[in-house]
Structures are given as structure tokens and as C-alpha cells.
Amino acid sequence: MKYVSVAVDGPAGSGKSTITKMVAEKLGFNYVDTGAMYRALTYNFLSNDLKELEENRIKELLEKLDFRVEYVDGVQYVYVNDVEVSDKIRTAEVSQYTSLFAKSPAVREFLIDTQRNLAHTNNIIMDGRDIASVVLPNADVKIFLTASVEERARRRVLDFERQGLENVDFEKVKEDIKARDWQDENRDIAPLVKVDSATLVDTTSMTIGEVVDKMTELVKVVER
């Protein structure tokens, strides 16, 4: 059976995760939450008292690790040594250390293999910064989702306000997004890029529903 894989990349605040999950649900595809995988490995490192970026120790723990990802009715479950950890990986401590361990070449290599294997056994849609360029360069559909800095800042401010935060400084949020863009585009390992074969979807003037419909149609063209 031929499975369809969809790679979605884009900068921070472009709505990738929210929209990609909605597209997955509409298509009946599995949404691959790559962030949960990084969190699961971080959880394992912390459980083994590792809180430093020690590559040899990381490799040692990965070699011993029984790690798997399963889907039930489209919901992703992550297992570390036969323990389902989806709830355990949402703690503040795991959040604090995940960005540190995501810099590890061994961690990235380990997870890329896992993510590629999922694409060979399921209809999947996966979002991130380097999905089309590194993780799934042979994806059937590649989409680069973006929006203007101003629009992404506006959306972020609205998110903060929904969380009950008041007097959020729009200019500060915008500058933070610009800084994150520069960091993502200039990092040493797998920088954020739009590959030539990706379809650009600029969501600046689009509603969420319009973006979901656009992305869904791009996938359905391939399925036909």
C-alpha cells in the first residue's frame, strides 16, 4: 500500500501546529507531533539524572532506549521503555530542558529515523522547521506555511490575551518573533528554509478555515 506523507514547514507563529492538526483530522491522516518525541527523550534523560548536553552519555542512553510511537484513532501515543509517557512529558522541567537536548546531533539522528519510519507505515502530516529539507525530503506534498511578522505578532498577542495576560507589548512580541526567525534561519543544524519543491501558503490575509481548505486540496490533488 502506498502511503501519503505531507511535510509542513514554517516560521514561529505561522499557525503550523494548529492548522496541521485540523488538516490531519479532515483528511483522516495521523498528525506526527515531533515536539512530543523530543520531550519524551528529554524525559528519559532527566529520569537518568542527565541535565547537561553530554553527547557520549546521550548516545549511551539512546542505545539502551526502547522508544516507539503508536496511533489509535488518529491520536499519537509515545512509549519510553514500554511506558506511555504522553502526560509525563508536559511538566515544566521537561519543557525547560527539551530545547537543550534538541541541539544534540545524536537526538536529532535518532528521531529522524523514527519519523521517517512513521511515513512508511501511515498516511501522515508532519510540521516543523526542517521537515521538507531534512526529515522527509521525499514527501509527497511539501508546504511552506508563513505570514507577515506583523500578523504573526498579532496572533501571538491574541493568544496571550486569551490566557489572561494584559497589556502585552505588541512591539516586543514582534521583535521576539524577528529574533526567533533569525535564529531558526541561521542555526548550524538544519536551518529553516523553503525548499524549491514546496508550495508557499501565505496566511496573512486568510482565515484558519481557508488555510485548512487550501492545504487539504493540495493533498487531495496528490491522492487523485
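So here's what we get for this one:
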| quantity | calculated |
| --- | --- |
| Output for region 195-215, where each listed residue is open to solvent by 50 Å² or more (accessible area, probe 1.4 Å), under 16 Å from K142 (Cα atoms) and in a loop (DSSP other than H, G, I, E, B) | D196, S197 |
| Subset of region 83-98 that is farther than 10 Å from Y43 by Cβ and touching a residue at least 40 places away in the same chain (Cβ under 8 Å) - its residue that is least open to solvent (accessible area, probe 1.4 Å) | S86 |
| Pair list, Cβ under 7 Å, 6 or more apart: region 14-37 residue without any contact (Cβ under 8 Å) to a residue 40 or more places away in the chain, other residue of a type outside the set (K, R) | K21/Y31 |
| Any hit, region 152-163, residues being surrounded by fewer than 14 Cβ atoms within 10 Å (Cβ to Cβ) and in a loop (DSSP other than H, G, I, E, B) | yes |
| Unique residue being open to solvent by 50 Å² or more (accessible area, probe 1.4 Å) and modelled with pLDDT of 90 or more when the list is E175, E223 | E175 |
| Test result for A92, in contact with a Lys or Arg (Cβ under 7 Å, 6 or more places away or on another chain) and not charged (D, E, K, R) | no |
| Y3 vs. criteria open to solvent by 60 Å² or more (accessible area, probe 1.4 Å), modelled with pLDDT under 95 and hydroxyl-bearing (S, T, Y) | yes |
| Selection count where residues are open to solvent by less than 10 Å² (accessible area, probe 1.4 Å) and farther than 22 Å from E210 by Cβ, scope region 112-125 | 2 |
| Count of region 26-66 residues which are over 19 Å from V135 (Cβ atoms) and either within 15 Å of the chain's Cα centre (by Cα) or among the charged types (D, E, K, R) (or both) | 12 |
| Residue in region 133-150 that is open to solvent by 50 Å² or more (accessible area, probe 1.4 Å) and among the β-branched types (V, I, T) present | no |
| Subset tally (residues that are under 22 Å from I112 (Cα atoms) and either in contact with an Asp or Glu (Cβ under 7 Å, 6 or more places away or on another chain) or modelled with pLDDT of 95 or more (or both)) for region 38-49 | 7 |
| Region 122-137 residues that are among the polar types (S, T, N, Q), paired with ones that are open to solvent by 40 Å² or more (accessible area, probe 1.4 Å) (beta carbon under 8 Å, 6 or more apart) | N122/Y3; N122/Y71; N123/Y3; N123/G28; S133/V193 |
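The values are calculated or read from the model by the stated rules, or taken from the named source; none is laboratory data. Everything numeric here is computed off the predicted structure, so don't read it as measured data. Reconstructed Cβ throughout: ideal geometry from the backbone, glycine too, with neighbour counts over all protein chains shown. Note: areas computed on protein heavy atoms with side chains; ligands, DNA, RNA excluded. Shrake-Rupley method; radii C 1.70, N 1.55, O 1.52, S 1.80 Å.
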